[in-house]
Amino acid sequence: MRIEKVDIARLLKPRDPFAHKGSMGYALIIAGKRGMCGAAILAARACLRSGVGKVAVQTARKNIDIMQISVPEAILNIDAHDEYFSQPVDPSIYNAIGIGPGIGTEQETALALKNQLEICTKPVLLDADALNILGTHKEWQKLIPEGSILTPHAKEMDRLAGTENIQPDERLTNAIRLAKEFKVYIILKGHESKLCLPNGNVLINTTGNAGMATAGSGDVLSGIITALLARGYSSKEAAMMGMYLHGLAGDLAAANIGMESLIASDIISYLPKAFKELESAIVE
């Protein structure tokens, strides 16, 4: 099934005129080792632009200054380690958690991820280095909470499945298998990204363009989906809406500035227009 604008517009929740930040969801982003703070910044900004009430970022101690300057709206949780994510976070106060952008794959980080998954009882968003760690510790994949959303690109998917140098059709088959096995949602990123559902069905995204093949684009997607989960959308809704909005914002950016010069921050900048376009589709 191909996802069209009307499908996503129907899912969009109207904002309560009496809403306050406490009623719009509290998201946690675990991202950014030293030298990869940009991943945390992009994910946090995208999360904020996707309508969530509050965002906290768990990041390396040496990222404090740049995070506070770059994303003043975010709350900072400072890891005990100067360089990378090294300790799990109490998940009880958060409505949703996104883990992985730029966290690295150090042994201490890998163990912290394992411990984090062990204490998370609600679906989480897993991306980037979180997926790379799970690809090298396949026995930990069973710790992923049911209903979680994984967003691998081709190489990350191959690591998760324990394969390499395979054809796209085989990769999609592996994604379908893992989604069913672990009862999770897997967005296989790329041209016409595929959302693999726990029941074995596949939904095909219809937004996005080649200009989005740029560093940080996936971090933006992580932030969007984490926000939608925190706002109360189901895992299926958050995954569908997230990849559609991500691609739509990229299409709007490309229409204005072209694909050649498009960068990840541009996708965030066009998220407000993407949301407005969905709202207009509801009126129509």
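The values are calculated or read from the model by the stated rules, or taken from the named source; none is laboratory data. Model, not experiment: these values are computed from the prediction. Positions of Cβ are generated from backbone atoms using ideal geometry, with glycine treated the same way; all protein chains shown enter the neighbour counts. These accessible areas exclude ligands, DNA and RNA; they are computed on the full protein's heavy atoms, side chains included. Shrake-Rupley method; radii C 1.70, N 1.55, O 1.52, S 1.80 Å.
Okay, here's what the table says:
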read-out: Residue within the range 175-197 that is within 27 Å of P88 (Cβ to Cβ), assigned to a loop (DSSP other than H, G, I, E, B) and of a type in the set (D, E, K, R) present; value: yes
read-out: Hits in the range 69-87 (condition: among the hydrophobic types (A, V, I, L, M, F, W, C) and farther than 19 Å from Y26 by Cα); value: I69, A80, F85
read-out: Wholly within the range 1-117, helices (runs of 4 or more DSSP H) carrying at least 3 residues that are small (G, A, S) and closer than 27 Å to P272 by Cα; value: 37-48
read-out: Residue selected from the range 198-244 under the condition surrounded by fewer than 20 Cβ atoms within 10 Å (Cβ to Cβ) and in a helix (DSSP H, G or I), by the criterion farthest from the chain's Cα centre (by Cα); value: A210
read-out: Residue that is surrounded by the fewest Cβ atoms within 10 Å (Cβ to Cβ), among those in the range 245-271 that are more than 20 Å from R10 (Cβ to Cβ) and in contact (Cβ under 8 Å) with a residue 60 or more places away in the chain; value: S265
read-out: Residue check, L42 modelled with pLDDT of 95 or more and buried (at least 24 other Cβ atoms within 10 Å of the Cβ); value: yes
read-out: Selection within the range 155-188 - under 20 Å from the mean Cα position of the chain (by Cα), open to solvent by 40 Å² or more (accessible area, probe 1.4 Å) and under 18 Å from T105 (Cβ atoms); value: K155, R159
read-out: Conditions (1) farther than 27 Å from G247 by Cα; (2) open to solvent by 10 Å² or more (accessible area, probe 1.4 Å): number failed by A60; value: (2)
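Results for (1) farther than 25 Å from G135 by Cβ; (2) open to solvent by 30 Å² or more (accessible area, probe 1.4 Å); (3) of a type in the set (F, W, Y); (4) under 19 Å from the mean Cα position of the chain (by Cα), shown as yes or no for each residue.
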{"site": "C37", "(1), (2), (3), (4)": "no, no, no, yes"}
{"site": "I69", "(1), (2), (3), (4)": "yes, yes, no, no"}
{"site": "I75", "(1), (2), (3), (4)": "yes, yes, no, yes"}
{"site": "H81", "(1), (2), (3), (4)": "no, yes, no, no"}
{"site": "P88", "(1), (2), (3), (4)": "no, yes, no, yes"}
{"site": "A96", "(1), (2), (3), (4)": "no, no, no, yes"}
{"site": "L117", "(1), (2), (3), (4)": "no, no, no, yes"}
